[in-house]
Every structure is written in structure tokens, then in C-alpha cells.
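The values are calculated or read from the model by the stated rules, or taken from the named source; none is laboratory data. Treat the numbers as computed from the prediction; the structure is a model and nothing was measured. Here Cβ is always computed from backbone atoms with ideal geometry, including for glycine, and neighbour counts include all displayed protein chains. Calculation scope for accessible area: heavy atoms of the full protein, side chains included, ligands and nucleic acids excluded. Shrake-Rupley method; radii C 1.70, N 1.55, O 1.52, S 1.80 Å.
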Amino acid sequence: MRARASEPCSPHGENGKLDDETEKIRTRLCRLVGQAIADYRLIEDGDKVMVCLSGGKDSYGLLDILLVLQRRAPVRFDLIAVNLDQKQPGFPAHILPEYLTGLGVPYHIESRDTYSIVRRLIPEGETTCSLCSRLRRGHLYRIATELGATKIALGHHRDDIIETLFLNLFYTGKLKAMPPKLRSKDGRHLVIRPLAFVKESDLARYAELRRFPIIPCDLCGSQEDMKRKKVKAWLREWERDSPGCSDSIAAAITNVAPSLLMDPRLFDFKSLNSTVEPSSEGDVWLDEAPTVAI
């Protein structure tokens, strides 16, 4: 399967201007990405941010918005786009270099045949995404060190984070998702997700309007993770039946009350005693006087 190629687009539209819809979505994306950067201190003065570019809509959108913010931000930071060519059959190796050269963005293309490794280790018909992702992550950490990058920016968006929350809830017995900022196990790298507040639908529409030269993600022939596919379908159905529930779930991830869960590592239940001092948490509804209908 070949990529849907188009002429590389510049950060601007015709004559340096964007149409109204594109400008509106870009403004929203810049606001949300800027909010995530400020809330979690994702990018700081002097950072060299390695933007991982797969050729999908999310990573294209991430790079595009970071380029806009780079011109506007009160802090100075550098960007370098990095793509890991994993030697998947039919991968159009010319598209990203041509696109990035047209933008004038510094970039690095790394060629590593992880595809053959995955095919050798994973039985035919099984999902290869997990092993592929682990191999890719190891190479990206190494590349970040070689390039002197202080941050590694990934294109995971709000929908990815919510889906991961439910995947862990349903299948691993853990209440966790994807954090906006993560330190690698060896402590040497900081991974950031500037799209943490951005909806996938906005990124999809923005990619259409900007005519990014999308490279399909299924060149390896692997099927999408069936569990994630189910969760994505459930969330779509819930949003259709209860509009706004995805917004509520996203808000809940940033509004956690450890004393109202059951993890003793997060809250010292054993030492909890009665007190006359008011608490910001607890079963406040038990203390409220019932409303009497007249």
C-alpha cells in the first residue's frame, strides 16, 4: 500500500494566509498545546525538542503547531524532526525528507530494520504493535542522546490517553493512562506529549485542511490492537449516547482524589482518624442537609 502523497505544504496557505476554518482550528490547537506546555512545563528555555515524526496525522500536526509556537513563545527552543524508517514493505522513504526540506526544518532519518525482527519473533496473525513500539522506543532514546535532545515529543493526543486509561482499567487492573511528561527508566530522557489536551477529530480535520502527505500506519500488515479497537468503539458509542462524556473523562484524569480511591500507597488510610477540622475531600454529601421538596 502506497502513501497518499501530496505537495508538501508550508506553514502558511496561499500567499501566507490560511482560510478561516484552518485558522480557527490552528488557533484552538495552539491554545491547547500551549496550555499543556504551561501546565506541565513541557518545554523550557534552551530546550532542544526532538519531534518524533511517523508520517501520520498526529505527528504532522504536532510538528506544525510546535513550529507556530516556536515563533510566538516567550522562550527560545530548537526543534529537530526525527523519523525511524523501520524498513516496512512499501514505505515511501522519499516523502518525509521532501516535506521537511520544503519546510526548512532540521531533521534526521534513521534506518533500522526492526520489521524483520518483529516478523521473526511474533507468530503470523498476532498483533506486532507492542514489540514494534518497544524496539522503536529504544532507538529513539539512543538517537535523542546522539542529537543532544533535551526532550522527546510524541504525538499522542487526548483520545489516546483516554483509551489507554480504559485499556488499563479493563485489562490490567491498573488505574493509569499516558502522562503528559514522563522520565525514562534510566532517568536520562524526558518524553513529552504536547497534544495531551487535543482531540483526535481536530487533528484529523487539520491534517485534511493542511494536506499533510500522510503515510499509512498499516504498511507492516499488522492488524490494529483489537482491545484498543473495542475501547475506541465503546467510547464513540458512549459519546454518541451521552454527548460530552469524553470531556468529563479527560477532566477526571486531571482531578484525582486519592482519599476516595483504595490505594494505600497514595493515601494513608491506616492513620486516618476523626477530626473537627474540615477536609477538602471525603464524603461531603453525607454532611449535607437533605433537600426537602415543598
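For the reader, a short list of remarks on this structure follows.
- Take Ser111: with every protein chain present and a 1.4 Å probe, its accessible area is about 70 Å².
- Heavy atoms of Asp78: accessible area, 1.4 Å probe, square angstrom to 10: 90
- Other-chain or far-sequence residues with amide H under 5 Å of Ala153's (modelled H): Met50, Val51, Cys52, Ile192
- Area accessible to solvent at Thr254, 1.4 Å probe radius, in Å²: 90
- Approximate spin-label separation Leu272-Arg205, in nm, with each point projected 7 Å along Cα-to-Cβ: 4.3
- Cross-link partners of Lys17 among lysines, defined as those whose alpha carbon lies under 30 angstrom from its own and excluding same-chain residues fewer than eight positions apart: Lys48, Lys57, Lys199.
- Each label was represented as a point 7 Å from its Cα along the Cα-to-Cβ direction; for Ser184 and Arg28 these points are 3.5 nm apart.
- For region 20-217, radius of gyration divided by Kirkwood radius, i.e. Rg to Rh on alpha-carbons: 0.95
- Heavy-atom accessible surface of region 20-217, averaged per residue, reaches 48 Å², computed with a 1.4 Å probe.
- For Met50, Met262, Met226, the ranking by accessible surface with the largest value first comes to Met262, Met226, Met50, using a 1.4 Å probe.
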